[in-house]
Amino acid sequence: MARGFNKVIIMGNLARDPEVRYTTSNQAIAKLTVAVNRVSKNRNGEVKEDVDFIPVVVFGNQAENCERYLRKGRAVLVEGRMQVRNYETSSGERRWVTEVVAQWVNFVGSKRDNDGDSQDRGTQRDGEDKKERVGSLREKGFDDDFPMDFSEVDSDKDDSDEVDIPF
């Protein structure tokens, strides 16, 4: 029999806050729903945007970290495997569930992107004011991707053809 390969990588935004439960052996299990946008064209050539809501299950310490740091709308990159399982309801009906079992959950973006969010969950340290915590160029009126004029870099040097790029 041929060896199989089951690998899933998805990137999207959380559709709701993580739901965490604990097993009888005190292992954390987090359920996430990741919304992934999909763009396609119909027969008339019109662009159509759809969203897939993908259920993800995370175990152990990663599940607790998801509960601690993730909230609805936060971007995540999930790497794991696809799992299909079934169970029987109390009325005797058989139900099938397809979900991604996460091996890694990477929090995409920065705390700065969810600035107000960290205060709501009490992660701000005592005595730390907002300027120390954020410390970004946004406070000074710059956007993240502000254009840089390289002609002004090292302008006091001689007018040679070489420009020293500062990165």
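The values are calculated or read from the model by the stated rules, or taken from the named source; none is laboratory data. The structure presented is a predicted model; accordingly, all values stated were derived computationally and were not measured. As a convention, Cβ positions derive from the backbone with ideal geometry for all residues, glycine included, and neighbour counts pool all protein chains shown.
Key figures for this structure:
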read-out: Flag for Ala63 being of a type in the set (Gly, Ala, Ser), in a strand (DSSP E or B) and modelled with pLDDT of 95 or more; value: no
read-out: Val56 being buried (at least 16 other Cβ atoms within 10 Å of the Cβ), assigned to a strand (DSSP E or B) and not hydroxyl-bearing (Ser, Thr, Tyr); value: yes
read-out: Inter-residue pairs, beta-carbon under 9 Å, first without any contact (Cβ under 8 Å) to a residue 12 or more places away in the chain and among the polar types (S, T, N, Q) and in the stretch 9-38, second surrounded by fewer than 17 Cβ atoms within 10 Å (Cβ to Cβ) and in a strand (DSSP E or B), 6+ apart; value: Thr23/Ile29
read-out: Enumeration of residues in the stretch 83-103 that are among the charged types (D, E, K, R) and in a strand (DSSP E or B); value: Arg85, Glu88, Arg94, Arg95, Glu99
